[in-house]
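Nothing in this text is a laboratory measurement; each read-out follows from the coordinates by a stated rule. Note that the structure is predicted; figures quoted are calculated from it, not measured. Neighbour counts are summed over all protein chains in view; Cβ atoms, including those assigned to glycine, are modelled from backbone coordinates with ideal geometry.
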Amino acid sequence: MTFLETLAARRLLAIVRGPDPRAATRTVLTLLDEGVDLVEVSLVTRDALTVIRDVRAALGAGADLGAGTVVTATDAHAAAEAGASFLVTPAVSEAVPAGRALGLPVLAGALTPTEVVAALGAGATAIKLFPASLGGVRHLRALRDPFPEVAFVPVGGVGVAEATDYLAAGAVAVGVGSPLVGDAAAGGSLDDLRGRIRAFRAAR
């Protein structure tokens with residue numbers, strides 16, 4: 001299954017970031033255990049590369065585990081070496097072509113039509129519409145008019161209600177961080193995390 005096919009099938013990309021690497025690892029494993037099997041570990045997470053390595057070791061080569069907040073070519077190479085199978089960037093940067101040169105799909109951050117074109121030109125596999133909260137569903141619909149074939153993944157301020165609206169408006173998937181993960185990656189309750197996961201999965 002290609003990365004685009006995976007996005008379309010899963011429809012939910014979980015974004016994990018936090019100050020506690022052990023809690024972040026537990027969070028990723030809990031997400032996967034609950035059926036959210038498309039997960040990004042943001043590089044702003046403390047010891048993010050260790051988290052990626054540990055999860056990859058636990059899951060094996062077949063799991064869809066990404067690295068997020070990938071900005072530089074150095075970031076891209078480090079994430080790939082740690083075991084990331086896809087990259088997510090916050091903007092159009094050198095990380096996009098670097099990721100593609102490594103053979104990894106890249107979900108590249110873009111907000112405007114110009115940025116969408118630049119991201120695609122740099123080799124983006126799909127577009128992370130970020131921050132989606134600035135324009136909401138109306139902005140997604142406006143972008144889909146000139147770019148009907150582009151796979152958009154809104155990220156930023158996406159709660160359960162927003163996820164449903166974005167998917168209905170044509171997003172291939174949604175990326176969700178704190179509304180889904182909450183404080184789990186900082187050592188918060190995994191039981192509460194499981195409850196949020198089930199609410200999001202029901203909204204897909």
Worksheet, complete the sentence: extent check for region 40-81: Cα max minus min per principal axis, descending, whole Å, gives 26, 18, 14
Response to the item:
Kirkwood Rh over alpha-carbon pairs of region 5-54 plugged into Stokes-Einstein at 37 °C, 0.692 mPa s gives a D in µm²/s of 298 µm²/s
Worksheet item: Dimensions of region 8-103 along principal axes (Cα, Å, largest first)?
Response: 34, 30, 22
Response to the item:
Here the averaged projected area of region 110-204, based on the convex hull of its alpha-carbon atoms and given in nm², is 6.3 nm²
Worksheet item: Can you work out the base-10 log of I(q)/I(0) for the chain at q = 0.08, 0.09, 0.16, 0.18 1/Å, using the Debye formula on its C-alpha atoms alone?
Response: -0.23, -0.29, -0.97, -1.24
Fill in: Highest-fluctuation residue, ALA171, ALA80, ALA58 considered, GNM on the chain with Cα pairs under 10 Å
ALA58
Worksheet item: How high is the FRET efficiency between SER133 and ARG53 when r is their beta carbon distance and R₀ equals 30 Å, given to the nearest 0.05?
Response: 0.40
Item to complete: Kindly give Rg over Rh for region 49-118, based on alpha-carbon atoms, with the Kirkwood expression for the hydrodynamic radius.
Response: 1.01
Worksheet item: Which residue fluctuates the most in the chain, going by a Gaussian network model with Cα springs under 10 Å, if the choices are LEU59, LEU193, LEU87?
Response: LEU59
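What does the extension gain come out to for ALA8 and THR164, with contour length at 0.36 nm per residue minus their alpha carbon separation? Kindly include the intermediate steps, with their values, before the conclusion.
Details: separation 156, 0.36 × 156 = 56.16 nm, distance 1.42 nm.
That works out to 54.7 nm of additional length.
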